[in-house]
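*Asks:* Okay, here's the structure, questions in a sec.
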Amino acid sequence: MEVTQVLFNAQSIDGTVRKNAEESLKQFQEQNLPGFLLSLSGELANEEKPIETRKLAGLILKNALDAKEQHRKFELVQRWLSLDATAKSQIKACLLQTLSSPVSDARSTASQVIAKVAGIELPHKQWPELIGSLLSNVHQLPAQAKQATLETLGYLCEEVSPDVIDQDQVNKILTAVVQGMSSSEGNTDVRLAATRALYNALGFAQANFSNDMERDYIMRVVCEATLSPEVRIRQAAFECLVSISSTYYEKLAPYIQDIFNITAKAVREDEEPVALQAIEFWSSICDEEIDILEEYGGDFTGDSDIPCFYFIKQALPALVPMLLETLLKQEEDQDQDEGAWNIAMAGGTCLGLVARTVGDDIVPLVVPFIEENISKPDWRQREAATYAFGSILEGPSPEKLIPLVNVALTFMLSALTKDPNSHVKDTTAWTLGRIFEFLHGSVVDSPIISQANCQQIITVLLQSMKDTPNVAEKACGALYFLAQGYEEMGPSSPLTPFFQEIVQSLLTVTHREDAGESRLRTAAYETLNEVVRCSTDETAPLVLQLVPVIMMELHNTLEGQKLSSDEREKQSELQGLLCGCLQVIIQKLGASEPTKYVFMQYADQIMGLFLRVFACRSATVHEEAMLAIGALAYATGADFAKYMPEFYRYLEMGLQNFEEYQVCAVTVGVVGDISRALEEKIVPYCDGIMTQLLKNLSSNQLHRSVKPPIFSCFGDIALAVGEYFEKYLMWAMSALQSAAELSTHIAGDDELVEYTNSLRNGILEAYSGIFQGFKNSPKTQLLIPYAPHILQFLDGIYMEKDMDDVVMKTAIGVLGDLADTLGSHAGSMIQQSVSSKDFLNECLSSEDLMIKESAEWAKLAISRAISV
C-alpha cells in the first residue's frame, strides 16, 4: 500500500481506519527503518503530493529523530547514527530540496527536520557541508527559498550548542541573518524569518558582541527592525532586544538611551504584542540588576564579573511615568481570565521589579500618582492607583513605606467592602495581601496591625470571601499572609479569638458553588493550612475538632458515584487538597505530646482513608497522600508498624512509578520517614525496598532528580536497621562509589552544579547513615575496606571548590562519622589523606554555625581516633 494513502488514512475521522494506518506505519518503521525514513522524506519533497500528507510525513520524520524523554531521545539518536550512509544522504538531499518548495507548510516542516538532523550530526563532526550549502541558498531567489533557509538557520541555532559551530561559520550565519533583517530587504517574510533567526543565534554571537563595530551593526539593524511597518517583525525585533538585555547586559551602555526612546514610543503607541515586549525589555534589565546587586551586595570590589550600570536608576524619572500610564490600560475581564496578560499587567509587574531594583527612590515618583487617582470617579483610575501602590511594596524600606501604609490601610479596608467596582476590590485585596506579606510580622519593628484594627481587618476579609470568586481568592491570600506574619509571635496570637470564625468561613468558601473558579477552592485550603500551621497551643482543641470534619469530607469524595472524566478530575483535585490539609493538621497535632495523644484516636481511620485514596488513579493525589502518610508515620512512631502489611504494596507502587517521577521522589522520602519511625521494625520490608531502590538507581528511564534522595534513603534505612544492613552493604556501597566518581569532575552550567551538589549531599548522607548505623556493632570492621574510597571522594569534592554550604556540612560530618565509627582504623588513614586537615580547618573557621558545629564534633572524633 503506498505511503501517501496510509498517511491520508492516519488523519481519517474514522477511528478504525486511523488505527489501522497507524499500525501499518509502525510496522513499516520497525521492519525497515531506512526505507521508512526515505519514503517519508520523499513524500515531503514531492510537489505532486497533497500538503496534508507531506506535513504529516515531515512530522513523523521529526519524531523519529527526537523525543522528550532523555532515554528515548538517546535511542533515536543512536538509531539515526547507525543508519546506512547512502540512505542518510538521500534523506538529507530530499530535505534540502524541500526548502525551495512553493508550499510554505512543506518548507517550514523541512526546516525543523533539517535542524533535528543537524542537532544529531554536527556534534559528531558529520554533515560538515550543511551550513555552507544553506548559506549559498540565502543569496538565491526565489524569496521563499531564502525565507525557508533563514528559518532553518534559526532552528539550527536552537538545536546545537555554540561550541559545535566554529567562529568562521558563526560569522557567516550572522552576516546572512543580519542582512536578511535589514530594511533594504524588500520581502516581509524573509525579513521576519531573519529576525526570528537572530533571536536563536544570539547565544552564538559572544565574539561578535565583543567587537565594537560588529556589535554596533547588529544593534542598529535590530533597532531599525523595531520600526518596520510589519507588526510581526517589530515584535520579533523587540524579542531580540529582550534577549540581548539579559545575554549582553554589560554591553548595553552606549545604546540604552536610544533603546529607551524606541521602547517608550512602542509602549505608548504600538499594538499590544509589540508594547508587551518593549515593557519586557525593562523587566529584563531589572532582573539583571537585581541579580548583580543581590550577588555582590552593592560593593563592586574585585570579585564581581559584571558591574551594575544602574540603568534603571538613571532611567527612573522617565521610566516610572511611562509605566504608570500603562496601568490605566486595563481590560474589562482580566480578573476572571486565568491566563490574562496585557499592557496594564505587564506595566505593573515591571513597576514591581523597578521597586525591587532601586528601593526607596521609587516611592516619591509613585505617591503623587496614587494620591491623584485613588478617589477618582472612573474605576480605571482608582484601580491603577491601587495597583501602583501594591506593586511598590517589595523593595523600599519599611521606614519609607509604613507611614504610607498606616494612612492607606483604613482607606483600603473601606474600599474592599464599599467600592462598587469588582476590579478595584480585586486589586485592593491583592494589595492588602502584599502589605501583610512584606510589612507585617517579626521582620518589622513598628507593627501596622494593632489590637484596634485587627478586628476590622478580619471582619472585612471574611466579608470579602463572600464576594465574586476572584475577589474572594485574593481575600484568602491576604488572610494567608496575615496568619503567616503572626507565626513567631510567641505563645499567644492576636488571631486566637477569631480562630473558630476564620476556619468556619474558609470551610464555607470551599463549599461555594463557584469555588472552582479563580482557583478559589485551592486558595481557601491553602489559607486554612497556613492558619492551622501558624496557630498556637491555645487553639489546639479547635484544630482537633477539625480532624473529623476534614476526614468526613475526604470520606465523601471516596463514595462510589459514577463520574464523568471532567468531574473525576475535579474530584481528584479536591482529594489532593484534603490530603494536604490533613498532612498539616497531623504535623501540628503531632508536634506536642498532649495533642498527639488525643489525636491518636483518629489515626486508624485516617490511614484507612489514605489507603482508599491510592485506589484512585491520579498522580497529584498519590503525591499528597504519600506526604500525609509520611507525616502520620512521624507522628505515630513505632506504632506505624501495624499499617505496613496493607500499606507496603502502595509504597512499592510509588517506588516503581517512573512515569510520574515526582510521586516516586515523594515515596522515596516517605521510606525515609517510615525508617525513622519504625527503626528495626522495618526489617521485614527491607529486602523489597532495597531491591527496588537499587533497580531505580540503575535505570536510565528514571528522572535524575530522584537519584539523590534515593542515596539519602540508604542512610535512613541503615540508621534504622543497624548491622542488619550488612545484607545490602556490598550493593549499596558499589552504587555509591560509582555515583561518587561521577560527581567529582563536573564542569557545566549552574543547573548542573546545583544537581551535582544535591547528588553529593545524597551520597554523603548515605555514608553518614551507614557509619552511624554500624557504630558499636561487632561488624564495624566490614566498613574498613570502604574508608579509603570515601576519603578520596572527600578529597575530590574539596579540591573542586564548588560545593555549597549544605554539602560542606554533610561532608565534614562524614569525616567525623568515619573517625567515630572506625576509631583507630580510621585515624591513620585520615592523617594520610590529602586534604582532610585543610578541609577541617576551613570548616572550623566557617561563618555558618551549622558547619562550625559539625566541624567541632568531627575534630573531637578525629582526635579520639588518632590518640587510640
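*Asks:* Only one of (1) within 24 Å of V138 (Cα to Cα); (2) part of a helix (DSSP H, G or I) is not met by W80, so which one is it?
*Replies:* The failed condition is (1).
*Asks:* Among T226, T175, which is within 28 Å of S104 (Cβ to Cβ) and free of Cβ contacts under 8 Å to residues at least 24 places away in the same chain?
*Replies:* After ruling out the rest, the residue left standing is T175.
*Asks:* Output the residues belonging to the stretch 45-62 that are out of contact with any Leu (no Cβ under 7 Å at 6 or more places or on another chain) and under 21 Å from A87 (Cβ atoms).
*Replies:* A45, N46, K49, L59, K62
*Asks:* Here's another thing I want to ask about it. Scan S422, S414, S446 and give me the residue that is of a type in the set (S, T, Y) and in contact (Cβ under 8 Å) with a residue 60 or more places away in the chain.
*Replies:* S422
*Asks:* Taking the options L65, L38, name whichever one is closer than 26 Å to G119 by Cβ and in a helix (DSSP H, G or I).
*Replies:* L38
*Asks:* Evaluate the stretch 126-133: report whether one residue or more is in contact (Cβ under 8 Å) with a residue 40 or more places away in the chain, open to solvent by 30 Å² or more (accessible area, probe 1.4 Å) and either in a helix (DSSP H, G or I) or closer than 28 Å to L702 by Cα (or both).
*Replies:* The answer is no, given that none of the residues of the stretch 126-133 is in contact (Cβ under 8 Å) with a residue 40 or more places away in the chain, open to solvent by 30 Å² or more (accessible area, probe 1.4 Å) and either in a helix (DSSP H, G or I) or closer than 28 Å to L702 by Cα (or both).
*Asks:* Next up: Go through the stretch 730-758 and give me each residue that's open to solvent by 90 Å² or more (accessible area, probe 1.4 Å) and assigned to a helix (DSSP H, G or I).
*Replies:* M730, W731, E741, L742, D750, E751, E754
*Asks:* Quick check on L860: is it farther than 12 Å from L791 by Cβ and part of a helix (DSSP H, G or I)?
*Replies:* yes
*Asks:* If you check E573, E567, E593, E559, which single one turns out to be in contact (Cβ under 8 Å) with a residue 24 or more places away in the chain and not aliphatic (A, V, I, L, M)?
*Replies:* Just one listed residue meets the conditions, E573.
*Asks:* In this structure, is L752 farther than 22 Å from I710 by Cα and of a type in the set (A, V, I, L, M, F, W, C)?
*Replies:* When the stated conditions are applied, L752 does not pass them.
*Asks:* Moving on. So, in the stretch 1-21, exactly how many residues are open to solvent by 40 Å² or more (accessible area, probe 1.4 Å) and more than 23 Å from K88 (Cα to Cα)?
*Replies:* Within the stretch 1-21, residues that are open to solvent by 40 Å² or more (accessible area, probe 1.4 Å) and more than 23 Å from K88 (Cα to Cα) number 11.
*Asks:* Of all residues in the stretch 22-32, which are open to solvent by 30 Å² or more (accessible area, probe 1.4 Å) and hydrophobic (A, V, I, L, M, F, W, C)?
*Replies:* Passing the criteria: only F28.
*Asks:* Could you check the stretch 759-832 for helices (runs of 4 or more DSSP H) lying wholly inside it with 3 or more residues that are open to solvent by less than 20 Å² (accessible area, probe 1.4 Å) and either in contact with a Cys (Cβ under 9 Å, 6 or more places away or on another chain) or of a type in the set (V, I, T) (or both)?
*Replies:* 805-822
*Asks:* Follow-up. If you check A93, A45, A64, A87, which single one turns out to be over 30 Å from N700 (Cβ atoms), small (G, A, S) and open to solvent by less than 30 Å² (accessible area, probe 1.4 Å)?
*Replies:* A45
For (1) closer than 19 Å to E800 by Cα; (2) of a type in the set (A, V, I, L, M), each residue gets a yes or a no:
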position	(1), (2)
L693	no, yes
N700	no, no
L729	no, yes
S743	yes, no
D750	yes, no
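*Asks:* Determine which single condition F74 fails, assuming it passes every other condition in (1) under 19 Å from T195 (Cα atoms); (2) open to solvent by 40 Å² or more (accessible area, probe 1.4 Å); (3) of a type in the set (A, V, I, L, M, F, W, C).
*Replies:* Here F74 meets the rest and fails (1).
*Asks:* What helices (runs of 4 or more DSSP H) completely inside the stretch 156-210 contain at least 3 residues that are open to solvent by 70 Å² or more (accessible area, probe 1.4 Å)?
*Replies:* 167-181, 188-201
*Asks:* Oh, and also: Would you mention how many residues in the stretch 87-107 are assigned to a helix (DSSP H, G or I) and touching a Lys or Arg at 6+ places or on another chain (Cβ under 9 Å)?
*Replies:* Within the stretch 87-107, residues that are assigned to a helix (DSSP H, G or I) and touching a Lys or Arg at 6+ places or on another chain (Cβ under 9 Å) number 3.
*Asks:* Something else: Restricting to the stretch 449-475, and then to whatever is open to solvent by 10 Å² or more (accessible area, probe 1.4 Å) and part of a loop (DSSP other than H, G, I, E, B), can you tell me which residue is modelled with the lowest pLDDT?
*Replies:* S450
*Asks:* Any idea which of Q70, Q97, Q90 is out of contact with any strand residue (DSSP E or B) (no Cβ under 7 Å at 6 or more places or on another chain), farther than 30 Å from L141 by Cβ and in contact (Cβ under 8 Å) with a residue 40 or more places away in the chain?
*Replies:* Q70
*Asks:* Would the stretch 138-153 turn up any residue that is free of Cβ contacts under 8 Å to residues at least 24 places away in the same chain, assigned to a helix (DSSP H, G or I) and either among the basic types (K, R) or at negative phi (or both)?
*Replies:* No, the conditions are met nowhere in the stretch 138-153.
*Asks:* Continuing with this model, one more query. Exactly one condition in (1) modelled with pLDDT under 90; (2) of a type in the set (A, V, I, L, M, F, W, C); (3) exposed (fewer than 15 other Cβ atoms within 10 Å of the Cβ) is not met by V138; state its number.
*Replies:* (3)
*Asks:* Return the total of residues in the stretch 37-88 being among the hydrophobic types (A, V, I, L, M, F, W, C) and within 20 Å of L130 (Cβ to Cβ).
*Replies:* 15
*Asks:* Here's something else I'd like to know. Suppose we filter the stretch 319-358 for residues that are closer than 19 Å to D426 by Cα and either assigned to a helix (DSSP H, G or I) or touching a Lys or Arg at 6+ places or on another chain (Cβ under 8 Å) (or both); how many remain?
*Replies:* Counting residues in the stretch 319-358 that are closer than 19 Å to D426 by Cα and either assigned to a helix (DSSP H, G or I) or touching a Lys or Arg at 6+ places or on another chain (Cβ under 8 Å) (or both) gives 15.
*Asks:* Within the stretch 620-632, identify whether any single residue is surrounded by fewer than 21 Cβ atoms within 10 Å (Cβ to Cβ), part of a helix (DSSP H, G or I) and at pLDDT below 95, and answer yes or no.
*Replies:* yes
*Asks:* Just one of (1) touching a residue at least 40 places away in the same chain (Cβ under 8 Å); (2) open to solvent by 60 Å² or more (accessible area, probe 1.4 Å); (3) of a type outside the set (A, V, I, L, M) trips up D848, so point out which.
*Replies:* (2)
*Asks:* Sort out which residues of the stretch 218-242 are in a helix (DSSP H, G or I), open to solvent by 20 Å² or more (accessible area, probe 1.4 Å), in contact with a helix residue (DSSP H, G or I) (Cβ under 7 Å, 6 or more places away or on another chain) and closer than 14 Å to M181 by Cβ, and write them in order of number.
*Replies:* C223, R232, R234, Q235, E239
The values are calculated or read from the model by the stated rules, or taken from the named source; none is laboratory data. Note that this is a predicted model, so its numbers are computed, not measured. Glycine also receives a Cβ, built like all others from the backbone with ideal geometry; neighbour counts cover every protein chain displayed. Quick note on the areas: whole protein, heavy atoms, side chains included, nothing else; ligands and nucleic acids left out. Shrake-Rupley method; radii C 1.70, N 1.55, O 1.52, S 1.80 Å.
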